[in-house]
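Bear in mind these aren't lab numbers, they're just calculated from the coordinates by the rules spelled out. Note that this is a predicted model, so its numbers are computed, not measured. Counting neighbours? That spans all protein chains shown, and the Cβs are built from the backbone with ideal geometry, glycine included.
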Amino acid sequence: METGETPNFWALTLLILPGVLGGQWSVWYPEKTVCAVRGSTVVIKCTYDYPERNGQVNQTMWCLNDTDCIDTEYVCHSENISIAPQFKDRAQCLGDKQKNCSLKVMNIRDTDAGEYRFRFITDKERWTGQDGVTLNITELSVLMNSSSKNGTIREGDSVNLTCATTGCSLSQSEFIWVKDKERLQETHSTLHFNRVSCRNKGNYSCAFKGGGNQSEEFQLDIQVPSCPPDPEASNSSLIFIIVGTLLAVLVVVLVVLIYFKRKKTPEEDDRERKAQNSNISTGSVTTGRKQEGTSEEEVSYASVHFKQKKPLEKSAGSEQQNHDDGVIYSSVSHQ
């Protein structure tokens, strides 16, 4: 090896050696400033590295507004140690113990604003990222960009409505668009109108698809002489009117039926009582007659006697005897 090549060799060795032995102590954030809307979910992306000779990573953690992340309450901790009350059940360490350290915070609040830092502990050493990520809490708004020169939108102009925030960019990719309280099918951050017409007039608002507060309404006004009615809107209104009318008529009919039914009920009850009383009286008389008839039949049979033939005698008394082949018939009076 020549003398001139020696410095180049050692320089190359110094560049390759860290990769062979392992990386350097470092924490890297793709975005140093992140915006989040109240009520939404934000993910702070993060990666880290360290020399492999220091063993394996045992613990990872995030802290808020603390330069060292030592002896403090944490946003999240791989071992769930000393979690700050405001982040309990809202923050999650998405990373692992192999160089991924992303953080997820749900249902963002105003108190979540500040600088976030990542710290990890290996078998031999511990390290806190020197830099942090600043989280700003903001609101969504609908911003308009048009081809109009004087700011007045006319029919045929090109218009873009963008769901954005002022001061920082948003990492979310899917949005919800609402026009006049009805949800649209568009999910991108921008609505494109190549040639606006009266049908595009209305109040627009947007929100994150994953949640969060909705923006204030933006009124898109288009200068046209007159707007014909929207056929779909007219049909929908007509259907609602017909259904509402039918429901109203049905309710009235039901009320009338219930009213008349309740009104006739006392009279029907009186008739039923009279009919029941009449049936009870008739049943009692009929039963008595049957019993009386049965008693008469028993007395008649009991009055027959058989005796031997005797000379005919006359006797004074109330009884009348008849002689016929030894059979005596007598009449008995019944009380």
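Residues in the stretch 82-91 carry Karplus couplings, in order, of 6, 7, 5, x, 5, 10, 5, 6, 10, 10 Hz; the curve used is 6.51 cos²θ - 1.76 cosθ + 1.60 with θ = phi - 60°, and Gly or Pro positions show x.
Over the stretch 143-220, what is the relative contact order in percent, taking alpha-carbon pairs closer than 8 angstrom and at least six residues apart? Spell out each step's value before the answer.
Working: 132 pairs, mean separation 22.2, N = 78.
Computed over the stretch 143-220, the figure is 28 percent.
Across the stretch 18-137, the relative contact order, built from alpha-carbon pairs under 8 Å that are at least six residues apart, equals 34 percent. Net charge in the neighbourhood of T67 (other residues with Cβ under 13 Å of its Cβ; Lys, Arg +1, Asp, Glu -1) is -3. Under a model in which nothing but the beta-carbon of Lys, Arg (+1) and Asp, Glu (-1) is charged, the stretch 143-220 shows a dipole of about 180 debye around its Cα centre.
Just to confirm a number: summing +1 for Lys and Arg and -1 for Asp and Glu over residues other than N54 whose beta-carbon lies under 9 angstrom from that of N54, what do you get? Residues close to N54 contribute a combined charge of -1. Sorting 81-88, 24-31 by average packing, meaning the other beta carbons within 10 Å per residue, from highest down gives 24-31, 81-88. Across the stretch 69-210, Cα pairs under 8 Å and at least six residues apart give a relative contact order of 16 percent.
Neighbour counts of other Cβ atoms within 10 Å put H188, H77 in the fewest-to-most order H188, H77.
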